[in-house]
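What follows is a short report on a single structure.
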Amino acid sequence: MAIRPILTAPDPRLKQRSAPVQGGVTDAHRALMDDMLETMYDAPGIGLAAIQIGEPLRIIVMDLAKEGEPKQPRYFVNPEILWASEETQPYEEGCLSVPDIYDEVERPARVKLRYLNYHGEQVEEDAEGLFAVCIQHEMDHLEGVLFIDHLSRLKREKVLQKLKKAKRAAEADVEPAQRSHRL
Ligand code: K1U
Ligand code: ZN
């Protein structure tokens, strides 16, 4: 298992659509899910999509256990939303790929899901509350959509400016010889 670097906006890889896992869940997919979970726990976060560590596959991990409770890792391969409620709920979302930004997003309050689990078995499940919020946020990542894309254009542009500035500041802290993108 390994902790992998998490991509941050505006990295163009976060805007791509992830490909379905073909031919069932293999040991290589399970190794990726193990890395994703370790990366998510380390961050820390409550969910992670594979593209956030640069792997454009339709795989999500999640753990919604509260502090002090036993871990409850969950794995979603090729998740689909079969049904979404008309009723919506607002939630103040964050994202490991959009560091230090939180804002309210309105999404369907309940969804019905179909996915393959860690063992490749097909599961159908209803989600509500934080589970519904998190799975919809993570499934957006599979389409190249970030939660800031649900905000007004003005807010999104402000956030992107802030992230670009933070990236430039972080790069300025690195020794010139370590800057891989510089000639
Ligand atoms: O980057 C991600 O997709 C993960 C993201 C998931 C999420 C959070 C809130 C609403 C929707 C989706 C996060 O985990 S952000 C960090 C976070 O929420 C958290 C971190 C530590 C403890 C508790 C929560
Ligand atoms: Zn996210």
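Taking the range 125-160 only, how many residues are assigned to a loop (DSSP other than H, G, I, E, B) and more than 10 Å from ligand 2 (Cβ to nearest atom)?
Residues that pass the stated criteria total 4.
Please find, among VAL77, VAL61, VAL98, VAL111, the residue that is within 14 Å of the chain's Cα centre (by Cα), more than 16 Å from ligand 2 (Cβ to nearest atom) and either of a type in the set (Asp, Glu) or crowded, with 20+ Cβ neighbours inside 10 Å (or both).
VAL77
Can you find a residue in the range 20-27 that is open to solvent by less than 30 Å² (accessible area, probe 1.4 Å), at pLDDT 95 or above and within 15 Å of the chain's Cα centre (by Cα)?
Checked the range 20-27: no residue is open to solvent by less than 30 Å² (accessible area, probe 1.4 Å), at pLDDT 95 or above and within 15 Å of the chain's Cα centre (by Cα).
Every residue in the range 95-137 that is touching a helix residue (DSSP H, G or I) at 6+ places or on another chain (Cβ under 7 Å) and among the hydrophobic types (A, V, I, L, M, F, W, C), please.
Matches in the range 95-137: CYS95, LEU96, VAL98, ILE101, VAL105, ALA109, VAL111, LEU113, ALA127.
Give the range 136-156 a look and list any residue that's under 16 Å from SER97 (Cα atoms) and either hydrophobic (A, V, I, L, M, F, W, C) or modelled with pLDDT under 95 (or both), or say none.
MET139, LEU142, VAL145, LEU146, PHE147, ILE148, LEU151, ARG156
Among (1) at pLDDT 95 or above; (2) open to solvent by 20 Å² or more (accessible area, probe 1.4 Å); (3) among the small types (Gly, Ala, Ser), where does GLY68 come up short?
Exception for GLY68: condition (1).
Report the residue count in the range 61-76 for those that are touching a strand residue (DSSP E or B) at 6+ places or on another chain (Cβ under 7 Å) and farther than 17 Å from GLY24 by Cβ.
Qualifying residue count for the region: 5.
Conditions (1) more than 28 Å from VAL25 (Cα to Cα); (2) touching a strand residue (DSSP E or B) at 6+ places or on another chain (Cβ under 7 Å), marked per residue:
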site: PRO99; (1), (2): yes, no
site: TYR102; (1), (2): yes, yes
site: ASN117; (1), (2): no, yes
site: GLU125; (1), (2): no, yes
site: MET139; (1), (2): no, yes
site: LEU154; (1), (2): yes, no
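In the set ARG13, ARG30, which member is over 24 Å from ALA109 (Cβ atoms), open to solvent by 60 Å² or more (accessible area, probe 1.4 Å) and part of a helix (DSSP H, G or I)?
Checking each option against the conditions leaves just ARG13.
Quick test for you: out of GLU86, GLU106, pick the one residue that is of a type in the set (Asp, Glu), without any contact (Cβ under 8 Å) to a residue 24 or more places away in the chain and open to solvent by 70 Å² or more (accessible area, probe 1.4 Å).
GLU86 is the lone residue from the list that is of a type in the set (Asp, Glu), without any contact (Cβ under 8 Å) to a residue 24 or more places away in the chain and open to solvent by 70 Å² or more (accessible area, probe 1.4 Å).
Of all the residues that make up the range 33-58, how many are more than 12 Å from ligand 2 (Cβ to nearest atom), outside any helix (DSSP H, G or I) and surrounded by 13 or more Cβ atoms within 10 Å (Cβ to Cβ)?
5
Exactly one of (1) assigned to a loop (DSSP other than H, G, I, E, B); (2) touching a Lys or Arg at 6+ places or on another chain (Cβ under 8 Å) is unmet by HIS119. Its number?
Checking HIS119 against (1) assigned to a loop (DSSP other than H, G, I, E, B); (2) touching a Lys or Arg at 6+ places or on another chain (Cβ under 8 Å), the one that fails is (2).
Here is a check on your reading of the model: is GLU92 assigned to a strand (DSSP E or B), under 24 Å from TYR41 (Cβ atoms), charged (D, E, K, R) and open to solvent by 80 Å² or more (accessible area, probe 1.4 Å)?
Yes, satisfied.
The values are calculated or read from the model by the stated rules, or taken from the named source; none is laboratory data. Computed from a predicted structure; not experimentally measured. As a convention, Cβ positions derive from the backbone with ideal geometry for all residues, glycine included, and neighbour counts pool all protein chains shown. SASA here: full protein model, heavy atoms, side chains in, ligands and nucleic acids out. Shrake-Rupley method; radii C 1.70, N 1.55, O 1.52, S 1.80 Å.
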